[in-house]
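To keep things clear, I will list the structure first and then write my remarks on it.
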Amino acid sequence: MADQQIESTTMERKEDVLAPEGRKGKKRLFLISGIVLFFFAGMASIVLFSPGVIPGSLRFWGPKDPAVKEKPKPKNEQGHIYSMDPFIVNLADTESARYLKVKIEIEGQEAKVHEEYEKRLPQLRDAVLTILSGKTYKELFDSEGKKKLKEEIVSKANQVFTVLKVKTVYFNEFVVQ
């Protein structure tokens, strides 16, 4: 009998030890199933309430958006490039005499030659000379200064021309002495 009591007490202890692990397994299963359910509920809400967020390649149901497939390609046409004679100007430096020699080419937005360029060339040259002679060496020596100069010339050129629109300016020579 004593052996039976020892066996029954050890069996009870084993059951006590196994019971919490079974509960932990159930808790983990419940937690994992809750996370999966939450994930699928979120996906279903996206599909139902904002299907525009889903890229067309991931849509397996409903009509495909034909507008997405046939997007017009952005035009990256090169405009006509107008070449100007070189400019040689005195820079606005007061501590020493500095000179700038620059050869500028202007790209228009249209691919064809526009007659307004020839008509307004003296006004354009005057505007560019005024801009260049007002600059100092410190304003022009780095790439950021050259970039600002290009933007300023484009802006002024677009003010000079009424029909022709300038897209960008290129420096083919840029020498400061």
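Please treat every number below as a calculation from the coordinates, not as lab data. Keep in mind that what you see is a predicted model, and the values were worked out from it rather than measured. Quick reminder, even Gly has a Cβ in these numbers, built from the backbone with ideal geometry, and neighbours come from all protein chains shown.
Okay, here's what the table says:
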| read-out | value |
| --- | --- |
| Packing-based exposure ordering (other Cβ within 10 Å, fewest first) of 30, 87 | 30, 87 |
| Sorted by Cβ density within 10 Å, fewest first, the residues 99, 82 | 99, 82 |
| Size descriptor, Kirkwood hydrodynamic radius, that averages inverse alpha-carbon separations across segment 81-176, Å | 13.7 |
| Residue order, fewest to most surrounding Cβ atoms within 10 angstrom, among 83, 143 | 143, 83 |
| For segment 162-172, 3J(HN,Hα) per residue [Karplus equation, 6.51 cos²θ - 1.76 cosθ + 1.60, θ = phi - 60°, Hz, x = Gly/Pro] | 9, 9, 5, 10, 8, 8, 7, 10, 10, 9, 8 |
| Point-to-point label distance, residue 77-residue 49, nm (Cα→Cβ direction, 7 Å offset) | 4.7 |
| Spin-label proximity, residue 126 to segment 136-162 - amide N less than 16 Å from point 7 Å beyond Cα toward beta carbon | 156-162 |
| Residues residue 139 and residue 171, FRET efficiency given R0 of 22 Å [Cβ-Cβ distance, rounded to 0.05] | 0.90 |
